[in-house]
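The values are calculated or read from the model by the stated rules, or taken from the named source; none is laboratory data. Just so we're clear, the structure is a prediction, and the values are computed from it rather than from any experiment. Cβ placement follows ideal geometry from the backbone for every residue including glycine, while neighbour counts extend to all protein chains displayed. Ligands, DNA and RNA are stripped out before the accessible areas are found, and what is left, the full protein with its side chains, is counted by its heavy atoms. Shrake-Rupley method; radii C 1.70, N 1.55, O 1.52, S 1.80 Å.
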Amino acid sequence: MREKIDALTQNLNRTIVGKTEAIRLVLVALLGGGHALLEDVPGVGKTLLAKSLARSLDGKFQRLQCTPDLLPTDITGTNIWNPKTGEFSFMSGPVFANIVLADEINRATPRTQSALLEVMEEHQVTVDGVSRPVPHPFFVIATQNPVEYQGTFPLPEAQMDRFMLSLSLGYPGADEELEMLQNLQHGVKVGDLQPCLTLTEVAQLQELCSQVKVETVLQQYILELVRATRQDEEITLGVSPRGSVALQKATQALAFLLGRDYAIPDDVKFLAPHVLCHRLIPRGGRSARSVVDRLLRSLPIP
């Protein structure tokens, strides 16, 4: 399994230049059984990272280009009348896939965004009173531009809470951007990537991640950090219990990716900003990242 993870990481590094940390965070979300939200300006490789991951896994991939006229049934699917049989038959939507890319998710209307709430949490879709499970494993990668808000609909807190973690790719360095330009001539394209991990192996890796040991003192540290967000004067809305669970699962996945069968406080400190910031609402226009960093500095490390 160690070799499988290394092969997957190398596959992603062939198209995503110099973004080792972002690749690791996306794999943490995948192996932790959660979903990832990529927030960054256009053109830095958000969609490329999602498509590269999909090509690297031997599963079904679907892409949703979110627009204001997208309907909930365009995501979940709908029942269609079949005149030959005289019955309704269900036509599945793009969420019935192993990896779903929701591109520019904040351009969809709130009604359409809500279609993802059930499937992201319960891995099933309910249409006309009938619940249908989606394939396993199931992983959603959503992208959004956090700068330009014209014609967008901000994700509600319930939707943000469904994502295990959020991350930003950022602009590449000078050497990385030069390498990117050179790759345009003789580098590997997304379509050239070959699957290096089967769905069965992904499920096995997720099970192994869930077995990583988290000591009680480290769980108490996670809870102290989460509870501090609910009591801090600079925060309007603190982190929910779902955030506590997400932080522990992400910590287990990161420890596994780093070759350990136990988690340490450094895992929690590294992941806390990515798992907690998008779940809380700071007061007075403060930065969520600065608030979380302050809480990390103030709490004693076990």
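In region 69-91 there is no residue matching the filter, namely being without any contact (Cβ under 8 Å) to a residue 12 or more places away in the chain and in contact with a helix residue (DSSP H, G or I) (Cβ under 7 Å, 6 or more places away or on another chain).
Filtering region 257-272 for residues that are open to solvent by 10 Å² or more (accessible area, probe 1.4 Å), in a helix (DSSP H, G or I) and in contact with a Ser or Thr (Cβ under 8 Å, 6 or more places away or on another chain) leaves an empty set.
The single condition among (1) open to solvent by 70 Å² or more (accessible area, probe 1.4 Å); (2) part of a strand (DSSP E or B); (3) among the hydrophobic types (A, V, I, L, M, F, W, C); (4) modelled with pLDDT of 90 or more that LEU71 does not meet is (2).
Of the residues GLN219, GLN252, the single one that is assigned to a helix (DSSP H, G or I), among the polar types (S, T, N, Q) and surrounded by 18 or more Cβ atoms within 10 Å (Cβ to Cβ) is GLN252.
Those residues that are open to solvent by less than 50 Å² (accessible area, probe 1.4 Å) and under 16 Å from the mean Cα position of the chain (by Cα), I need them from region 119-145; list them, please. Scanning region 119-145 gives VAL119, MET120, PRO137, PHE138, PHE139, VAL140, ILE141, ALA142, THR143, GLN144, ASN145.
Residue pairs whose Cβ atoms lie under 7 Å apart, separated by 6 or more positions or on different chains, with the first residue in region 209-222 and closer than 19 Å to LEU257 by Cα and the second part of a loop (DSSP other than H, G, I, E, B) and of a type outside the set (A, V, I, L, M), are CYS209/GLY32; VAL212/ASP261; LYS213/ASP261; LEU218/PRO302.
A residue that is more than 26 Å from LEU257 (Cβ to Cβ), at pLDDT 80 or above, among the aliphatic types (A, V, I, L, M) and in a loop (DSSP other than H, G, I, E, B) occurs somewhere in region 150-167. Of everything listed in (1) surrounded by fewer than 21 Cβ atoms within 10 Å (Cβ to Cβ); (2) more than 19 Å from the chain's Cα centre (by Cα), the single unmet condition for VAL292 is (1).
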